[in-house]
Amino acid sequence: MDMTQYLLAHPQTLIPLTLFSEEYGSAKSSISEDLSIIKEAFESQGVGVLKTVAGAAGGVKYIPQMNEAQALGFMQMLIEHLEKPERLLPGGYLYMSDILGNPATLTQIGKLFATAFVDKDVEIVMTVETKGIPLAYATASYLNVPVVIVRRDNKVTEGSVVSINYVSGSSKRIQTMSLARRALPEHSRVLIVDDFMKAGGTVRGMIDLLQEFQATVVGCGVMVETADVSERLVDEYISLAKLNDVDVKGKQIELELGSYFTKQ
């Protein structure tokens, strides 16, 4: 039990077998047998996988993953919640603050994004304030990497910043976003996460901002995207759900599964 909890608390971390053998006073062969049992349990329950690395500098690494059946069941349930008529806001927007404030839901969404980008060698998860922040932290907790938050205005406490102007894809307005110079090391491998995407102007802005840091965008994940967009400003991204239609007068919302389920 202790070994299982340790692995769950240290995702994406290579743990030498000597750590466990010294902690429990057991031979490495016994530890290996216990890890085999844990590996089978993790895979059968959809918790993730255990990757064993051989050699003197080897060990075991827990990689959180959500299997297809779990992902499908969770997103179907989430879509049912999102399609409730009382979520409609003026302008055809959806109220999602309660979902983005629910720890259990955020945990599942974070695990979905971590599963989608687990092989991308992510070093940083980036989002823009404010609603994308909980999603970014949920994702980063499974990838075991830091979070960087792009601001829409300058903060004195941020120190020297890099700012760019970008055009909102939906409103076509020119807006500004900023990132502290010391917040992101140059040449980082960055995963962008956000809650909602229309034309993709905000995500495009973050991609352009990252060029100032000579960073590499290894992926982009959004919780909900809109389907009815004449021009998408972002080509490569993964969405968990797609908003197909909003009937404000009839108070009806229609969503379907996003590209996450077609790109697996």
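The values are calculated or read from the model by the stated rules, or taken from the named source; none is laboratory data. Note that the structure is predicted; figures quoted are calculated from it, not measured. We place every Cβ from the backbone using ideal geometry, glycine too, and count neighbours over all the protein chains shown.
For segment 1-24, how many residues are within 16 Å of Gly58 (Cα to Cα), in contact with an Asp or Glu (Cβ under 9 Å, 6 or more places away or on another chain) and modelled with pLDDT of 90 or more? Of the residues in segment 1-24, 0 are within 16 Å of Gly58 (Cα to Cα), in contact with an Asp or Glu (Cβ under 9 Å, 6 or more places away or on another chain) and modelled with pLDDT of 90 or more.
Within segment 234-261, the set of residues being outside any loop (DSSP other than H, G, I, E, B) and not hydrophobic (A, V, I, L, M, F, W, C) comprises Ser239, Lys242, Asn244, Asp245, Asp247, Gln252, Glu254, Glu256, Ser259, Tyr260. Only one of the listed residues (Ala199, Ala183) is buried (at least 16 other Cβ atoms within 10 Å of the Cβ) and more than 30 Å from Val246 (Cα to Cα). That residue is Ala183. Screening Tyr93 against (1) surrounded by fewer than 18 Cβ atoms within 10 Å (Cβ to Cβ); (2) within 17 Å of Ala138 (Cα to Cα); (3) among the aromatic types (Phe, Trp, Tyr) leaves a single unmet condition, (2).
What residue, of Gly110, Gly91, Gly73, Gly101, is on the phi > 0 side of the Ramachandran plot and not hydrophobic (A, V, I, L, M, F, W, C)?
Numbers: Gly110 fails: on the phi > 0 side of the Ramachandran plot; Gly73 fails: on the phi > 0 side of the Ramachandran plot; Gly101 fails: on the phi > 0 side of the Ramachandran plot.
Of Gly110, Gly91, Gly73, Gly101, the one residue that is on the phi > 0 side of the Ramachandran plot and not hydrophobic (A, V, I, L, M, F, W, C) is Gly91.
When the residues of segment 216-238 are filtered to those that are in contact (Cβ under 8 Å) with a residue 60 or more places away in the chain and under 26 Å from Ala183 (Cα atoms), the one that is surrounded by the most Cβ atoms within 10 Å (Cβ to Cβ) is Gly221.
Enumerate the strands (runs of 3 or more DSSP E) found wholly within segment 157-197, keeping only those where 1 or more residues are hydroxyl-bearing (Ser, Thr, Tyr) and closer than 22 Å to Ser230 by Cβ.
Values: elements: 161-167, 174-180, 189-197.
Where strands (runs of 3 or more DSSP E) fall fully within segment 157-197 and carry at least 1 residues being hydroxyl-bearing (Ser, Thr, Tyr) and closer than 22 Å to Ser230 by Cβ, they are 161-167.
Entry remark, segment 131-144: residues being within 27 Å of Leu8 (Cβ to Cβ) and in contact (Cβ under 8 Å) with a residue 60 or more places away in the chain number 7 in total.
Take the conditions (1) touching a helix residue (DSSP H, G or I) at 6+ places or on another chain (Cβ under 6 Å); (2) among the β-branched types (Val, Ile, Thr); (3) under 30 Å from Asn244 (Cβ atoms); (4) part of a strand (DSSP E or B); Thr139 misses just one of them, which is (4). Selection over segment 100-133 of residues that are over 18 Å from Gln70 (Cβ atoms) and either among the aromatic types (Phe, Trp, Tyr) or surrounded by fewer than 22 Cβ atoms within 10 Å (Cβ to Cβ) (or both) gives a count of 10. Within segment 202-231, the residues that satisfy the criterion of being out of contact with any Phe, Trp or Tyr (no Cβ under 6 Å at 6 or more places or on another chain) and either aromatic (Phe, Trp, Tyr) or in a helix (DSSP H, G or I) (or both) are Thr202, Val203, Arg204, Met206, Ile207, Asp208, Leu209, Leu210, Gln211, Phe213. Could you list, in sequence order, all residues of segment 117-135 that are part of a loop (DSSP other than H, G, I, E, B) and either within 19 Å of Ala183 (Cβ to Cβ) or in contact with a His (Cβ under 8 Å, 6 or more places away or on another chain) (or both)? Within segment 117-135, Val122, Glu123, Glu129, Thr130, Gly132 qualify.
Output the residue which, of all residues in segment 25-69 that are at pLDDT 90 or above and of a type in the set (Lys, Arg), is farthest from the chain's Cα centre (by Cα). This residue is Lys39.
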